[in-house]
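Colleague: One structure is given below, represented as structure tokens, and several questions about it will come after.
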Amino acid sequence: MNHMILQVVSKIMIPFIQVFGIYVVLFGHLSPGGGFAGGTILGVSLIFYRMVYGKAETRLKFPFELMMKMMCGALILYGVLKGYSFLTGGNHSYLPQLPLGTPGNILSGGYLLPLNVLVGITVTVTIYFLFTLFYEGEI
Amino acid sequence: MISLAMAKSFPLLILLILLISAFIMPLVKNNRVVKGISLGTMMMAAVLSVITMIYVVKNGSFVYRIGHWDAPWGIEFYISPMEAAIGVLFTWVAGLILWYSLYSLEKEIPSEKLPFYYLLVNVLIGALLGIVYSNDIFNCFVFVEISTLASCGIVVIKDKKENIKAALKYLILSCLGSGLFLMGIAFLYSITGNLNMTFIYKEVAAAQYVYPNVILISVVLFTIGLGVKSAMFPLHTWLPDAHSSAPSVSSALLSSLVLKGFVILLIKILFRALGFTLVKELPILDLILILGSLGMIMGSVFAILQKEIKRVIAYSSVAQVGYIFFGIGLASELGVAVALYHVFGHAVTKAMLFLTVGAMIETTGKKKIEDFKGIGKEMPITLGLFTLGALSMVGIPILPGFVSKWNLALASISAGKPILVAIILISSILNALYYFPVVIHGFFGEENLKDRVYKSKQKPVKEMLPVICLSVAVLFVGLISEPLIQLFSLGLK
């Protein structure tokens, strides 16, 4: 869809969508939202970019390798973080955990914030992949 | 010993190792490294599961809480001898199948998809072990979903028309099954207020007089939902397509492990969450018994009618799963213990059958049964291993197939239903009807063996070693049948 109006409008809109997505991810433990909701919004911004600027240009900005690395890295980190929490809890071993912080601050809530961010990354990439696979058959 | 004291956390550690290492694979460029990671993590899981088993046999069953909250709020694992033994079975059989796949998988699927295949296998085995270990029904549901998607993935990875068709059929039917299972959980939760099986067992004793119909509905939903996934007889229609079109490594995994995970879950829900005394009063066990018997006969009849060898073995799975449901339906402790023993016996035997047949198809490039006439001269070791599996399926003494049939017959007599022995006998004869022609035409007959060169198509022994290990496992499972059955009847209490 090589359309002038669309391109100009999307240039204005995509940053706002992305900032909102990041906000939803980062404030997931304080307000409604979280990794999945915010990740979906971020993923939609990528889909929007792909629809407006086409396959070739999107591939330059968000190559498959990079997306795959981000997603797998996020999943591995998630497993390690949550696995550490599970194992220390199950063994009744009082090893250091992430601090809870003051309620209301962004840096609070123990594991919730980092896990939300990791879920957000995974969902962003998954939503983008799902759309492109159904839309064009390749990523 | 420090290692034994730590053993309580090993089930969780196994799941973490398998599920986390799965996502390292797409990042690795070199396929040899991917294979190494896959086999290495599976071997670690196998060793850990054996240590867990030793711990459980010594110290009895235990509950392991996941995270920082205790049971009704948090999640927990419940490891009895039964779960530990099934964990050992799953990890070792999966390890042997993966070892076989090192040499053969690249011939069946494109090499750039190999990392994704091993990712799916690790996720699949992790999810199946999660189903087996978890004591929380909703947690089990999540693992059921993961394993469904992963098993569809290992069918469709070959990327041919028939695979896509089979995988779509499998996906739709098993999503239906998951939906029914979820509804069953919802009904049970609404009357007991718990998702933890131990607590459901406590609550359901009071609820059964107030809401008898709700319990019946939820049990039927569980049975049908998990029956679709584990190929209970009239719901098996997805199985032959999916198992016969998948790469032979996937077929072995699907048939020997994936079907069994859901059967174990059904046994856990029926006999641990609801309890023997309650379930015995419901008509559901009779239904399971009838469907199991029908599966035993009809699965074999369908298998006789097939022309492709992989479809024969796939339909044979329907018949063998029928035996497991038959054992559950007998509603006695011996029956369920023998059903669990059959899970063991069938898992090792069917893995061996699918791998040997995979080797035959790989070297000859043919699929029909009639093309395998005289193959015994060309591939003596492979067909010899196939023969061992076939003998076990038909029920020749010492081998696991015989032990489970014998004990099922004993259990059905002691349950006061001696007529069922006839069904076991008929099913055994039907088994012989479709397994023995392959073996007889393979080894004997003047015309069949003409122009065949001895050992001309034999795969190197190095590549067949995992299958030989599986055959040793078959003999071993047959020999230790007595303690295994005792262990299972202990584990259910």
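The values are calculated or read from the model by the stated rules, or taken from the named source; none is laboratory data. No experiment lies behind these values; they were computed from the predicted model shown. Counting neighbours? That spans all protein chains shown, and the Cβs are built from the backbone with ideal geometry, glycine included. With ligands, DNA and RNA removed, areas are computed over all heavy atoms of the protein, side chains included. Shrake-Rupley method; radii C 1.70, N 1.55, O 1.52, S 1.80 Å.
Colleague: Let me check against my output: what whole-number percent is the relative contact order of chain A, with C-alpha pairs under 8 Å and at least 6 apart? Write out the running numbers ahead of the final one.
Modeller: Numbers: 157 pairs, mean separation 46.2, N = 139.
Relative contact order comes out at 33 percent.
Colleague: Taking H placed 1.01 Å from N in the peptide plane, check which residues at least 5 places from residue B:76 or on another chain put their amide H under 5 Å from its amide H.
Modeller: B:66, B:135, B:136
Colleague: While we're looking at this one, here's another question. Whole number in Å², please: accessible area per residue of the stretch A:1-122, 1.4 Å probe, ligands, DNA and RNA not counted. Write down the numbers at each step before the final one.
Modeller: Numbers: 6930 Å² over 122 residues.
Each residue of the stretch A:1-122 exposes 57 Å² on average to a 1.4 Å probe.
Colleague: Rounded to the nearest 500, what is the 222 nm mean residue ellipticity of the protein assembly as shown from helices alone, with -39500 (n - 2.57) per DSSP H run of 4+ residues and division by all residues? The partial results should precede the final answer.
Modeller: On the way: 27 runs with 471 residues, N = 632.
The per-residue figure over the protein assembly as shown is -25000 deg cm²/dmol.
Colleague: When the C-alpha atoms of chain B are aligned to their principal axes, what extent does each axis show, in angstrom, from largest down?
Modeller: Extents along the principal axes, in whole Å: 73, 57, 46.
Colleague: Go through the stretch B:407-417 residue by residue and turn each phi into a ³J(HN,Hα) via Karplus (6.51, -1.76, 1.60, θ = phi - 60°); whole Hz please, and just put x for glycine and proline.
Modeller: My calculation for the stretch B:407-417 gives 5, 5, 4, 4, 5, 6, 5, 6, 7, x, 10 Hz in order.
Colleague: For the stretch A:21-138, with only Lys/Arg (+1) and Asp/Glu (-1) charged at the beta-carbon, what is the dipole magnitude about the Cα centre, in debye rounded to 20?
Modeller: On the way: 6 positive and 4 negative charges, 14 e Å.
Dipole size: approximately 60 debye.
Colleague: Ignore the peptide's own chain and count Cβ atoms of other chains within 10 Å of each Cβ in B:19-31; give me the average, rounded. Mind dumping the intermediate values first?
Modeller: On the way: counts 5, 8, 2, 4, 11, 4, 1, 6, 7, 1, 0, 0, 0.
Shielding by partners across B:19-31 averages 4.
Colleague: Roughly how many Å² of residue A:29 are accessible to a 1.4 Å probe, to the nearest 10?
Modeller: About 40 Å², rounded to the nearest 10.
Colleague: Where nothing but the Cβ of Lys and Arg (+1) and of Asp and Glu (-1) is charged, how large is the charge dipole of chain B around its Cα centre, in debye to the nearest 20?
Modeller: On the way: 37 positive and 25 negative charges, 172 e Å.
Result for chain B is approximately 820 debye, rounded to the nearest 20.
Colleague: If a/c stays under 1.5 just call it rounded; otherwise compare a/b with b/c (prolate if a/b is bigger, oblate if not). Do that for the stretch A:53-139, with a ≥ b ≥ c from the square roots of the Cα gyration tensor eigenvalues. Please list the in-between numbers first.
Modeller: On the way: a/c = 3.67, a/b = 2.37, b/c = 1.55.
Cα axes put the stretch A:53-139 in the prolate bin.
Colleague: From the Cα gyration tensor of the stretch B:283-493, with a ≥ b ≥ c the square roots of its eigenvalues, which class applies: rounded if a/c is under 1.5, or else prolate if a/b is larger than b/c, or else oblate? Can you show the working numbers first?
Modeller: On the way: a/c = 2.63, a/b = 1.80, b/c = 1.47.
Cα axes put the stretch B:283-493 in the prolate bin.
Colleague: Now, a different point. Go through B:397, B:215, B:365 and say which Cα lies farthest out towards the positive end of the charge dipole of chain B; charges sit on Cβ, +1 for Lys and Arg, -1 for Asp and Glu.
Modeller: Working it through, the farthest residue towards the positive pole turns out to be B:365.
Colleague: Per residue of A:85-95, how many C-beta atoms from partner chains lie within 10 Å of its own C-beta, taken as a mean?
Modeller: For peptide A:85-95, the averaged partner shielding equals 5.
Colleague: Which order do the peptides B:227-235, B:33-41 come out in when sorted by mean C-beta neighbours inside 10 angstrom, highest first? Mind showing how you got there, number by number?
Modeller: Numbers: B:227-235: 23.9, B:33-41: 19.0.
Ranked from most to least packed, the peptides come out as B:227-235, B:33-41.
Colleague: List, in order, the whole-Hz ³J(HN,Hα) value for each residue of the stretch A:124-133 obtained from phi through the Karplus relation with A = 6.51, B = -1.76, C = 1.60 and θ = phi - 60°; use x for Gly and Pro.
Modeller: Along the stretch A:124-133, the couplings run 3, 5, 5, 4, 5, 4, 4, 4, 5, 5 Hz.
Colleague: Lysines near residue A:11 by alpha-carbon distance under 26 Å, same-chain residues fewer than 8 away left out - which ones?
Modeller: Straight-distance partners of residue A:11: A:55, A:61.
Colleague: So for the stretch B:283-493, taking the charge dipole from beta-carbon charges (+1 Lys/Arg, -1 Asp/Glu), which of B:471, B:338, B:410 sits furthest toward the positive end?
Modeller: Sorting the options by dipole projection puts first B:471.
Colleague: Farthest toward the dipole's positive end in the stretch B:1-94, which of B:89, B:52, B:34, given Cβ charges of +1 (Lys, Arg) and -1 (Asp, Glu) about the Cα centre?
Modeller: Selected residue: B:34.
Colleague: Ordered by packing density, taken as the mean number of other Cβ atoms within 10 Å over each peptide's residues, highest first, how do A:129-137, B:55-63 rank?
Modeller: Highest-to-lowest ranking by the protection proxy: B:55-63, A:129-137.
Colleague: With the cut-off at 1.5 for a/c, could you classify the protein assembly as shown from its C-alpha gyration tensor as rounded, prolate or oblate? Can you show the working numbers first?
Modeller: Numbers: a/c = 1.86, a/b = 1.29, b/c = 1.44.
Oblate shape, in that a/c is at least 1.5 and b/c is the bigger or equal ratio.
Colleague: Of B:35/B:310; B:158/B:260; B:307/B:366; B:29/B:462; B:107/B:229; B:350/B:405, which ones are farther than 18 Å apart at the Cα?
Modeller: Numbers: B:35/B:310 26 Å; B:158/B:260 24 Å; B:307/B:366 12 Å; B:29/B:462 26 Å; B:107/B:229 29 Å; B:350/B:405 16 Å.
With Cα atoms farther than 18 Å apart: B:35/B:310; B:158/B:260; B:29/B:462; B:107/B:229.
Colleague: Probe radius 1.4 Å, ligands and nucleic acids ignored: give me the carbon and sulfur share of the accessible area of the protein assembly as shown as a rounded percent. Before the final figure, lay out each step's value.
Modeller: Values: 18320 of 25600 Å².
Of the solvent-accessible surface of the protein assembly as shown, carbon and sulfur hold 72 percent.
Colleague: Kindly write out, for the stretch A:79-92 in residue order, the coupling ³J(HN,Hα) from the Karplus curve 6.51 cos²θ - 1.76 cosθ + 1.60 (θ = phi - 60°), rounded to whole Hz, with x marking Gly and Pro.
Modeller: x, 5, 4, 6, x, 4, 4, 4, 5, 5, x, x, 7, 6
Colleague: Run the dipole for the protein assembly as shown about the Cα centre, Lys and Arg Cβ at +1, Asp and Glu Cβ at -1, nothing else charged, and hand back the magnitude in debye, nearest 20.
Modeller: Details: 44 positive and 29 negative charges, 181 e Å.
With Lys and Arg at +1 and Asp and Glu at -1, about 860 debye.
Colleague: Give me the percent relative contact order of the stretch B:283-493, please, defined on Cα pairs under 8 angstrom at least 6 residues apart.
Modeller: Values: 319 pairs, mean separation 58.6, N = 211.
After rounding, I find 28 percent.
Colleague: Pull up all non-local amide H partners of residue B:158: gap of 5 or more, or a different chain, and H-to-H distance under 5 Å with H placed in the peptide plane.
Modeller: So residue B:158 has HN proximity to no qualifying residue.
Colleague: Can you pull out the chymotrypsin sites (Phe, Trp or Tyr not before Pro) in the stretch A:59-113 whose DSSP state is coil and whose Cβ has at most 14 other Cβ atoms within 10 Å?
Modeller: Details: sites: A:64, A:78, A:84, A:86, A:94, A:111; in loops: A:94, A:111.
Those that pass, being in a loop and sparsely packed, are A:94.
Colleague: Something else: Would you mind calculating the relative contact order of chain B from Cα pairs under 8 angstrom and at least 6 residues apart, reporting the percent as a whole number? The partial results should precede the final answer.
Modeller: Numbers: 807 pairs, mean separation 68.4, N = 493.
Once normalised by length, the contact order is 14 percent.
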